[in-house]
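Asker: I have a structure here, written as structure tokens, and I will follow up with some questions on it.
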Amino acid sequence: MSEWFFLLIPVAAVSGWWAAKRGNARRGISGPTSDPAFFRGLNYLLDEQPDKAIDIFVKLAEVDEETAEIHLALGSLFRRRGEVDRAIRIHQSLILRPNLSKEERSYALYELGQDYMGAGLFDRAESMFRELVEMKLHRRRALEGLREIYQQEKDWTRCLEVAEQLRLLTGESVSTESAQYHCELAEESLKHGNGQQAVAHLNHARRVDPDCIRATMLQARIAMGQGDSRAAAELYQRVARQGSQFLPEVLSDLVDAYRRSGLEDELSELKRLYRVSPNPALAMMLTDVIQEKEGDGAAIVFLVEHITGYADLVGLERLLDLYAPKLAGDVQTQAAVQAMLAVIGHLRSCRPDHQCEQCGFVARRLHWQCPSCKHWGSIKPVQPESIGDCAGTPVDRRLA
Ligand SMILES: [Zn+2]
């Protein structure tokens, strides 16, 4: 979406004032927005020609220093063009005007808050947004601004307070973010060696969002740290049930928990888990264990079945690796296999490991908050596509 789409926000604000001014004009009250140049400026905004719009609004502002909407539009345009200092000066001078209406002042406060955010002056932006919340004007946008500030500052307790205010104001669920804030607090407690407090935060997280995978992962980590590997294994298995695509994140810890808990039949446990959550990363782990316990032939049989269900490049690469030693003496086929492995390696390197479901941002590792769109829990490990319309089911059948 174009950056200039957001300019429609000041356009809408300015248009609102214009409508009010037009009402005044009908009642015989003149205003500077009756100047045709004002509409030319609006048209330039809508045509995504902000520089021309700025030229017009600057001239209008020179002619009439009192018109708040022109200064608001100008300030917003300067900020979006990266001239934050200029935007701050315009909005600061606006809010100092004694004759400004309450509505005009509230717009100027919000814009100034945005300017301060753009300049990284979070404490000043916080004051602007807090004043708006107290004025009960633009409360949603002001609360969202406060939430953004507290997230940047990693002040998770205040994030929780603002999320609750937003929930009460809008009636919209904030359970995903709130659970993540509790998880952030739990991680901080763990860093400071306070496991008990971490558990309390995680209990809160699960109360507000029972599906919070991160809370389950942290609970498992705590259980492992306390030496309760059986409980940890159960929790890691719960991760698979809550979202099998997250299994790669915990798989080695899960196997570690199996081994530490003295589980003798690790292979059966992994097969059972694979039937429930046929995840490609789990398939690779299973291949290792099958190869170790039952030999290359059994591992090949399993992999052939697996990649029949998934367009899994890692699985295919592993299958060819297992086959390669069987081709000793067959120089031509060996060369073909090496060529296939090179292609697979290239395709794998082009595929993202993690991707945001909201904005498509590609990441090398799991982030709980998307660095691009700031959504929580939207970045997930990328899964190979299932072949045909049989995702999950063929594996159940084969391993039964
Ligand atoms: Zn995103």
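Asker: Would you compute, from DSSP H runs of 4+ residues alone, the mean residue ellipticity of the chain at 222 nm, taking -39500 (n - 2.57) per run and dividing by the full residue count, rounded to the nearest 500? Could you put the intermediate results ahead of the total?
Answerer: Values: 20 runs with 280 residues, N = 400.
Helices in the chain give a 222 nm mean residue ellipticity of -22500 deg cm²/dmol.
Asker: Let me know the number of lysine pairs in the chain closer than 15 Å at the Cα, not counting same-chain pairs under 8 apart.
Answerer: The result is 4.
Asker: Hey, another quick one. Based on the alpha-carbon gyration tensor of segment 242-385 and its eigenvalue square roots a ≥ b ≥ c, which shape applies: rounded if a/c is under 1.5, prolate if not and a/b is larger than b/c, or oblate?
Answerer: Values: a/c = 2.70, a/b = 1.26, b/c = 2.14.
Note, shape of segment 242-385 comes out oblate.
Asker: Computing the accessible area with a 1.4 Å probe over protein heavy atoms, can you report the carbon and sulfur percentage for the chain?
Answerer: Ligands and nucleic acids excluded, carbon and sulfur give 49 percent.
Asker: Taking the Cβ of residue 284 as the center, what net charge do the other residues with Cβ under 11 Å away carry, scoring Lys and Arg +1 and Asp and Glu -1?
Answerer: Counting the neighbours of residue 284, the net charge comes to -2.
Asker: Pick from 372, 277, 189: which residue has the top mean-square fluctuation in a GNM of the chain where Cα pairs under 10 Å get a spring?
Answerer: Most flexible of the set in this elastic network: 372.
Asker: In debye, nearest 20, what is the charge dipole magnitude of the chain about its Cα centre with +1 on Lys and Arg Cβ and -1 on Asp and Glu Cβ, if you could check? Walk me through the numbers before you get to the answer.
Answerer: Values: 49 positive and 57 negative charges, 177 e Å.
So the dipole magnitude of the chain works out to roughly 860 debye.
Asker: Another question about this same structure. Where does the charge balance sit around residue 152 when Lys and Arg score +1, Asp and Glu -1, over other residues with C-beta under 11 Å from its C-beta?
Answerer: With Lys, Arg at +1 and Asp, Glu at -1, the net is -1.
Asker: May I pose another question? For the chain, set up a Gaussian network in which alpha carbons nearer than 10 Å are linked by springs, and say which option among 279, 99, 203 fluctuates the most.
Answerer: Per the Cα network of the chain with a 10 Å cutoff, 99 tops the list.
Asker: Test of understanding: in a Gaussian network model of the chain with alpha carbons linked when under 10 Å, which of 347, 77, 185 would top the mean-square fluctuation ranking?
Answerer: Looking only at 347, 77, 185, the largest GNM fluctuation is found for 347.
Asker: Using R₀ = 45 Å, calculate the FRET efficiency as 1/(1 + (r/R₀)^6) where r is the Cβ-Cβ separation of residue 324 and residue 191; round to 0.05.
Answerer: My answer for the efficiency is 0.50.
Asker: Right, another one. Using alpha carbons only, how many angstrom separate the centre of segment 87-160 from the centre of segment 234-260?
Answerer: If you average the Cα positions of each part, the centres end up 44 Å apart.
Asker: Another question, if that's okay. Counting only other residues whose beta carbon sits under 9 Å from that of residue 163, what net charge do I get with K and R as +1, D and E as -1?
Answerer: So the environment of residue 163 carries a net charge of -1.
Asker: GluC sites (Glu not before Pro), restricted to segment 179-231: which are DSSP loop and have at most 14 other Cβ atoms within 10 Å?
Answerer: Details: sites: 184, 187, 188; in loops: none.
The qualifying sites: there are none.
Asker: Ignoring solvent entirely, what values of log10 I(q)/I(0) come out of the Debye formula for the chain at 0.07, 0.11, 0.13, 0.15 Å⁻¹ when each Cα is a single scatterer?
Answerer: -0.53, -0.91, -1.07, -1.28
Asker: Ok, one more. Out of 127, 340, 310, whose Cα points farthest toward the positive end of the dipole of the chain (charges: +1 Lys, Arg; -1 Asp, Glu; placed on Cβ)?
Answerer: 127
Asker: Can you list which of the GluC sites (Glu not before Pro) found in segment 118-168 are DSSP loop residues with at most 16 other C-beta atoms within 10 Å?
Answerer: 153
Asker: Given a 1.4 Å probe, how much area per residue of segment 53-167 is accessible, in Å²?
Answerer: Here the residues of segment 53-167 average 47 Å² of exposed surface.
Asker: Calculate, for segment 173-230, the solvent-accessible area per residue in square angstrom, rolling a 1.4 angstrom probe over the heavy atoms of the protein chains.
Answerer: 49 Å²
Asker: Turning to a different aspect of this structure: What percent do you get for the relative contact order of the chain when only Cα pairs under 8 Å and 6+ apart count?
Answerer: 7 percent
Asker: If each of residue 144 and residue 157 carries a label point 7 Å out from its Cα toward its Cβ, how far apart are those two points in nm?
Answerer: 2.8 nm
The values are calculated or read from the model by the stated rules, or taken from the named source; none is laboratory data. Quantities reported herein were computed from a predicted structural model and do not represent experimental measurements. Every residue, glycine among them, receives a Cβ derived from its backbone with ideal geometry; neighbour counts consider all protein chains shown. Just so you know, the surface numbers come from the protein's heavy atoms only, side chains and all, with ligands and any DNA or RNA stripped out. Shrake-Rupley method; radii C 1.70, N 1.55, O 1.52, S 1.80 Å.
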